[in-house]
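Reading through the structure tokens given below for one structure.
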Amino acid sequence: MNSLTYKLIAKDFHQHRLLIAGTIAIGLISLLVAGAGTLMLFNIGMLCWLTAIAAYGCVLAMLSISGERKERALLFVLSLPLGYRDYVRLKLFGVMLCFLAPWAILTAGAVVLVLAKPGMADGILPFAILLCGFLLTNFSMVLSCALFARSEGFITLVIIVHNIAISLFIFLVGPIPAFRDHLQDASPTWGPEFWIVLAVEAATLFVIFSLPYFVVARRRDFI
Amino acid sequence: MTATKHIEMHAVRKAFRFFTLEDLSLDLAPGQIMGFVGPNGAGKSTSIRLMMGLLAPDAGEVRVLGHAMPENQALAKRDIGFVSDDMRLFGHATLGWHMQFVASIYPGWDAQYAKALIKRFNLRAEQNVSGLSSGEHTKAVLLLALARRPRLLILDEPTSGLDPVARHEVLNELMDVLRDDDRSILFSSHNTVDVERISDCITFIDRGRLVDSSDKEDFLERWRRIYMQVPPGTALPDLPHLVSRVVDGQFVTLTTDRFSPDLLAFLGANVREVHRMSLEEIFVASVFHHREVAGL
């Protein structure tokens, strides 16, 4: 990547700095609430934590890619000395980095909460990590689709699918005996199911993340 | 050895569902200002996007500053200042932030000139772009393009949202740019007054096809409207290079795009007046004639 690409990635960070800080703040407050003591507060806190990460991903992709196109700032970016491949690359890496910053902090926060909170079973940790991995994979799907999409309707559909997918993950992966049966264990169980689901998430992330570079970047018309 | 042309388009074709740009060829030499004139939907923006590498031609060749487009657009765009009335800056940031951003990308950024332009255009570096009026926004985009001192300026309808005073300021600035003989401008507009004021060559485009391209002086010299009064029953002979003929009783108005003293001599004593035409009149006559001939 050349220096212009780095500058444009830095521009994305600068542009979204308040959104990033706000998401981290809301996510951390949610974790504090989750760790406050009662089961109800735990549920409320974790729901807010999950919503903060998921909503941030959608808003980020909308503002960075669809918003840039809709507000016609894309033409300004494309007037700079870069080709379309450079643009796709910088958007993939720049927006992903903007997502990774709060995601990493809030994932670490959730792990610390599980390990440090007295009375909370550490057995939930494998499922929590898989959920965080899924949030990252799910975000990469929104990001790639935003680069593909040329209509707001399509992006709206992708966001709906993104939100449904989180519920499906919780209701489909959560009941797998290898996770469900160990949620209340004092120590985490890293069975083969955990590694299989993690590998599927990693492979899906890699495929979805690479797709725009091989498909969108080959488009001959930018606009 | 001749200098590399700043823009070369040869037999370019670009088809969309409801519009096709057909067989477009044009050249822009260093130091020239080309007025690229056409009605709405003529294909000006499509042509400019092909020049900028934002669209790829279906056929033909586009070279800008010697670079094949769109393949080498990153290289070409180092020396191009592109402004479009469709272009918007980042609403969340100030003009000063944009200036720093562009300055960090272009080594040729002229900070002194940028400061002078801020003053001349009555802009404020600390103001958020989202708070700029439409005219101020256009001037801000122009400032960012001009202060990088590009060899080629490509301007797509840059004056369309400007009031007369702002238009005057912008056109003056563009003429200043041309003091450097190696810089050139392609200036698209449907405002023929602006184009007539600053261009030294003009290309007319209509419905995706090139209508005419020539030096401005050449256009103004060869187009004439001839007013005649002919006795009743007199038939006018067939004349070459006649773009239009309007007969109202004894009064005949001829428009030609190849005026010469020989033509006047041929028409004889029936000629009452000969008028030079404005660029707007030439443009309109030219477009209608082209549509008629091409059967469009």
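Scanning the range B:30-61 for residues that are of a type in the set (Phe, Trp, Tyr) and part of a loop (DSSP other than H, G, I, E, B) gives no hits. If the condition is being more than 14 Å from chain A (Cβ to nearest Cβ) and part of a loop (DSSP other than H, G, I, E, B), then the range B:103-146 contributes B:Asp110, B:Phe121, B:Asn122, B:Leu123, B:Arg124, B:Ala125, B:Glu126, B:Gln127, B:Ser133. Suppose we filter A:Ala21, A:Ala10 for residues that are among the small types (Gly, Ala, Ser), within 11 Å of chain B (Cβ to nearest Cβ) and in a helix (DSSP H, G or I); which single one remains? Matching residue, one of A:Ala21, A:Ala10: A:Ala10. Only one entry in A:Leu4, A:Leu32 is in a helix (DSSP H, G or I), in contact (Cβ under 8 Å) with a residue 60 or more places away in the chain and either at the interface with chain B (Cβ under 9 Å from one of its Cβ atoms) or under 30 Å from A:Leu115 (Cβ atoms) (or both), namely A:Leu4. Taken over the range B:69-83, residues that are of a type outside the set (S, T, N, Q) and either at the interface with chain A (Cβ under 7 Å from one of its Cβ atoms) or farther than 11 Å from B:Arg151 by Cβ (or both) amount to 9. Checking each residue in the range B:1-24 for being closer than 25 Å to A:Gly83 by Cβ and assigned to a strand (DSSP E or B) picks out B:Ile7, B:Glu8, B:Met9, B:His10, B:Ala11, B:Val12, B:Arg13, B:Lys14, B:Ala15, B:Leu21, B:Leu24. Can you tell me which residues in the range B:114-152 are modelled with pLDDT of 90 or more, buried (at least 17 other Cβ atoms within 10 Å of the Cβ) and small (Gly, Ala, Ser)? Of everything in the range B:114-152, those that are modelled with pLDDT of 90 or more, buried (at least 17 other Cβ atoms within 10 Å of the Cβ) and small (Gly, Ala, Ser) turn out to be B:Ala114, B:Ala140, B:Ala145, B:Ala147.
Residues of the range B:84-102 that are within 7 Å of another protein chain (Cβ to nearest Cβ) and outside any loop (DSSP other than H, G, I, E, B): B:Ser84, B:Phe101. Of all residues in the range B:175-216, those that are at pLDDT 80 or above and assigned to a helix (DSSP H, G or I) total 8. Does at least one position in the range B:30-39 carry a residue that is crowded, with 23+ Cβ neighbours inside 10 Å, touching a Cys at 6+ places or on another chain (Cβ under 7 Å), touching a residue at least 60 places away in the same chain (Cβ under 8 Å) and among the aliphatic types (A, V, I, L, M)? Checking the range B:30-39: at least one residue is crowded, with 23+ Cβ neighbours inside 10 Å, touching a Cys at 6+ places or on another chain (Cβ under 7 Å), touching a residue at least 60 places away in the same chain (Cβ under 8 Å) and among the aliphatic types (A, V, I, L, M).
Quick grid of which residues meet (1) closer than 26 Å to A:Gly83 by Cβ; (2) modelled with pLDDT of 90 or more:
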{"site": "A:Gly109", "(1), (2)": "no, yes"}
{"site": "A:Cys145", "(1), (2)": "yes, yes"}
{"site": "A:Ser167", "(1), (2)": "no, yes"}
{"site": "A:Leu183", "(1), (2)": "no, no"}
{"site": "A:Ala202", "(1), (2)": "no, yes"}
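The values are calculated or read from the model by the stated rules, or taken from the named source; none is laboratory data. This one's a predicted model, so the numbers in the text were calculated from it and none came from an experiment. Cβ: placed from backbone, ideal geometry, glycine included. Neighbour counts: every protein chain shown.
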